[in-house]
Amino acid sequence: MADQSELLITGARQNNLKNVSLRIPHDQVTVITGVSGSGKSSLAFDTIFAEGQWRYIESLSTYARMFLEKLDRPDVDRLEHIRPAIAIEQKNPVRTARSTVGTTTEIADLLRLLFAKIGHPVCPACGTEARSYQPGDVAEVLLKEHGQSRALVLFPVDVKADQDLAALARDLVRRGFFRLRVRDEVEDVTAETASDIATRLKGCRELEVVLDRLVLREDDRARLVDTLETAFRESGGRCIAEIVGAGRHRFSQAYSCQSCGRIFETPKPALFSFNHPLGACPACKGFGNILLYDEDLIVPDRTKSLAGGAIEPWTKPSADWWQKQMLLAFKRRGIDISKPYNKLTQTERKLLWEGDGTGKGGVSAPPGRAGAKVEGINDFFEYLEGKRYKLHVRVMLSRYRSPVSCDACKGTRLRPEALAVRVGGRTIAEVAALTIATAAEWTRALPLSAFEREVAKDILAMLTAKLGFLLRVGLGYLTLSRQTRTLSGGEAQRISLATQLGAQLTGTLYVLDEPTIGLHARDTATLAGILADLAKAGNTVIIVEHDHTMIESAHFVVEMGPAAGERGGEVVCAARYPEFLAHPTALTARYLSGQETIPVPRRRRKGTGRALVLVGATEHNLKNLTVKIPLGTFTCVTGVSGSGKSTLVEETIYRALARAFRVENLPMGRFEAIGGVEHLHGVRLIDQEPIGRTPRSNPATYIKVFDDIRRFFAALPEARRTGLLPGDFS
Ligand SMILES: [Zn+2]
Ligand SMILES: [Zn+2]
């Protein structure tokens, strides 16, 4: 009988694995390390995780299996004592603009519930915070402001336009209410006096039922609250307190403006969702930005003239008419058609963009339009907008537009009604703009009434827990509104790790793919601690990793090797950390124990003496940075997680260059200027994106080496004799 405390792998041959067998302890942290291509992922993901998945799917009903992707079973003789497996990979699968850190972590859902439960609307008419009263609140106010006074507690009953007052009064009697406020008197009502009272009350829109007459004393608080509860229940959330000799006060359970009396509906959670029509900003439909025609894209080279093709969309044959009529308009007004765009006067540019509807100098009506006038660039796009139903027109239009922050919602994506509601003085958009660390602090310090604290108790507890897990995995610096697709693979992975911590599973097998990538050494130790806790809670943690801190903190280490590809696929060592460190041939162990070192280069390149200079970068958390990067050298940008490395390098520098070289047109990080672009010939982004997911793609096809191989085969004497071409070898 094998030991249940270990995962037993016998005869694994997936990918380059050479029939390996080993044991991995359960409820502990195991690191699988080794040189790249040695078979770490083949063992961790393609064998252990894949088998865990396969068994799980097999355990489902045939019906449920129909909806799941068919998985190939890994090539392994036996896997014993495997647990349900969860992979936490270095991948950020999110591409949509609608997903944010808040929505993926479900913190956004909790905030919506919180705002719906205890949000205070602010009156759009007078800017005063509206408030609502519960019976306890009313008692509090009355005792505080009118202590020791005599008071009447009443509730209002609405009278509809043609309602029979006598019947209404008799109905109240049946329900057990016998006293009504009639003008300045309190009168008893009975079935008999009902019609008499009704006559005297003729024309009034509201009856007032007297519930109680009492002295406002602390000792009688319970009785007062009791009466107020009855009033709220009978009237649908309203009551009137009449202080003898000191006027009347109306209170409402619904939110109402304390200054103008305007009543607000209790908000629904969907009002706070930009993914819901109830909450989305009507101007931008919840996207936060609007696509506008971008001068930089329409006139990419401002040194070109109108005749020289400055207006990019008008250089296309289909726009020939537009280009010609503008050239003619320029000539008729005596404007030089070979004058560069950046030298045109304000008036000349105005003509170019807005055209001229005065009738003079017009050419002819454009296709499908009436009247002679000079048609500008704006007219051109307006004309095409009318043809949006054609796919190629939509594609063409999108090439000339860039996203600009929505003016109506200031980029918050929410409609004004949603932004009028506050909790602790903040709108939900303001809370979403906070970092996870600040949001945690805000949640902790919310100034709430006892009633609010009670109704929001569960939501606040969940919110605190979720924010806490994200803080633990070192993501306190991310804002809740940060788009998920802009996160690095490592950040996305740590978000799923935080979600797993929140799920508090036990008896689970977690397989992680290099979780330290992109992490600063400072955060790595914290991460190792979290993974150890996960194991301590009764889970098996398997990590594919190179990082020495992770290896040192692991309970068990497996080194794959000895080299890559065909020369790898063997288990060099599988042992507890101290034994691993003493292993004579495990390469990683030799580096860790200092028997091997990586030499520092003796000579460093001087570079070309030129530099790329970025001025005033302010995207995300960049604080008006100016950086100078020497050209012709290898530059490394480092810093703790969230310090802005990716924002600077990828979102700002790369995207600015990609735009300059017309490689890609993505929204750029904000900056003032970039210099030195003229010294470059192009830009390439090499990121962690998988390069191909089809079974036909392999490294050889990716780098196109097969093109050469096919040409070689086609050039062989035999091929030439039979007339075979390179394509015949595909
Ligand atoms: Zn108001
Ligand atoms: Zn908007």
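What strands (runs of 3 or more DSSP E), lying completely within region 197-297, carry at least 1 residues that are within 16 Å of ligand 1 (Cβ to nearest atom)? I'd like the intermediate steps shown before the answer.
Numbers: elements: 206-215, 238-243, 248-252, 255-257, 289-293.
So the answer is 248-252, 255-257.
Assuming LEU271 fulfils every condition listed in (1) free of Cβ contacts under 8 Å to residues at least 12 places away in the same chain; (2) of a type in the set (A, V, I, L, M); (3) within 16 Å of ligand 2 (Cβ to nearest atom) apart from one, which condition is it?
Going through the list (1) free of Cβ contacts under 8 Å to residues at least 12 places away in the same chain; (2) of a type in the set (A, V, I, L, M); (3) within 16 Å of ligand 2 (Cβ to nearest atom), LEU271 breaks only (1).
What about GLY507, is it over 23 Å from the mean Cα position of the chain (by Cα), in contact (Cβ under 8 Å) with a residue 24 or more places away in the chain, farther than 30 Å from GLN134 by Cα and in a loop (DSSP other than H, G, I, E, B)?
So GLY507 fits the description; yes.
Just for helices (runs of 4 or more DSSP H) wholly inside region 386-497: which have at least 2 residues that are within 16 Å of ligand 1 (Cβ to nearest atom)?
On the way: elements: 391-398, 416-419, 428-432, 436-444, 450-455, 457-472.
Answer list for region 386-497: 416-419.
Among residues belonging to region 127-162 that are among the charged types (D, E, K, R) and more than 16 Å from ligand 1 (Cβ to nearest atom), point out the one that is nearest to THR266 (Cα to Cα). Spell out the reasoning first.
Filtering region 127-162 for residues among the charged types (D, E, K, R) gives 129, 131, 137, 140, 144-145, 150, 158, 160, 162.
Remaining after also requiring more than 16 Å from ligand 1 (Cβ to nearest atom): 137, 140, 144-145, 150, 158, 160, 162.
On the way: ASP137: 18, GLU140: 23, LYS144: 27, GLU145: 27, ARG150: 33, ASP158: 20, LYS160: 24, ASP162: 29 Å.
Checked region 127-162; the qualifying residue nearest to THR266 (Cα to Cα) is ASP137.
Could you figure out which of (1) in the same structural domain as VAL541 (by TED's automatic domain parsing); (2) touching a residue at least 12 places away in the same chain (Cβ under 8 Å) isn't true of ALA97?
Looking at each condition in turn, ALA97 falls short on (1).
Name the one entry in ARG472, ARG415 that is farther than 28 Å from ASN92 by Cα and not acidic (Asp, Glu). Lay out the reasoning, then the answer.
On the way: ARG472 fails: farther than 28 Å from ASN92 by Cα.
None of the other options fit; the residue is ARG415.
Take the residues of region 499-514 that are within 30 Å of VAL637 (Cα to Cα) and out of contact with any helix residue (DSSP H, G or I) (no Cβ under 6 Å at 6 or more places or on another chain): which is surrounded by the fewest Cβ atoms within 10 Å (Cβ to Cβ)?
First, pick out the residues of region 499-514 that are within 30 Å of VAL637 (Cα to Cα): 499, 511-514.
If we keep only those that are out of contact with any helix residue (DSSP H, G or I) (no Cβ under 6 Å at 6 or more places or on another chain) too, we end up with 499, 512-514.
Details: THR499: 17, LEU512: 28, ASP513: 20, GLU514: 21.
Among those residues, the one meeting the criterion is THR499.
What is the residue count in region 673-723 for residues that are within 30 Å of LYS628 (Cβ to Cβ) and modelled with pLDDT of 80 or more?
Filtering region 673-723 for residues within 30 Å of LYS628 (Cβ to Cβ) gives 673-689.
Subset that is modelled with pLDDT of 80 or more: 673-686.
Of the residues in region 673-723, 14 are within 30 Å of LYS628 (Cβ to Cβ) and modelled with pLDDT of 80 or more.
Determine if region 481-490 includes at least one residue that is within 30 Å of ALA85 (Cα to Cα) and within 16 Å of ligand 2 (Cβ to nearest atom).
Taking region 481-490 and keeping what is within 30 Å of ALA85 (Cα to Cα), we get 482-490.
After this cut, where a residue has to be within 16 Å of ligand 2 (Cβ to nearest atom) as well, the list is 483.
There is at least one residue in region 481-490 that is within 30 Å of ALA85 (Cα to Cα) and within 16 Å of ligand 2 (Cβ to nearest atom).
Any chance region 274-293 includes a residue that's more than 16 Å from ligand 2 (Cβ to nearest atom) and either within 38 Å of the chain's Cα centre (by Cα) or farther than 30 Å from ALA116 by Cβ (or both)? I'd like the intermediate steps shown before the answer.
At the first step, the residues of region 274-293 found to be more than 16 Å from ligand 2 (Cβ to nearest atom) are 293.
Of the ones still in play, those that are also either within 38 Å of the chain's Cα centre (by Cα) or farther than 30 Å from ALA116 by Cβ (or both) are 293.
Within region 274-293, one or more residues are more than 16 Å from ligand 2 (Cβ to nearest atom) and either within 38 Å of the chain's Cα centre (by Cα) or farther than 30 Å from ALA116 by Cβ (or both).
Just name the residue that is surrounded by the most Cβ atoms within 10 Å (Cβ to Cβ) out of those in region 178-229 that are polar (S, T, N, Q) and more than 56 Å from the chain's Cα centre (by Cα). Full working, then the answer.
To start, the set of residues in region 178-229 that are polar (S, T, N, Q) comprises 190, 193, 195, 199, 227.
Add one more test, that the residue is more than 56 Å from the chain's Cα centre (by Cα), and what stays is 190, 193, 195, 199.
Values: THR190: 11, THR193: 16, SER195: 14, THR199: 10.
By that ranking, first place goes to THR193.
The values are calculated or read from the model by the stated rules, or taken from the named source; none is laboratory data. Just so you know, these numbers come straight off a predicted model, no measurement behind them. Neighbour counts run over all protein chains shown; Cβ positions are idealised from the backbone, glycine included.
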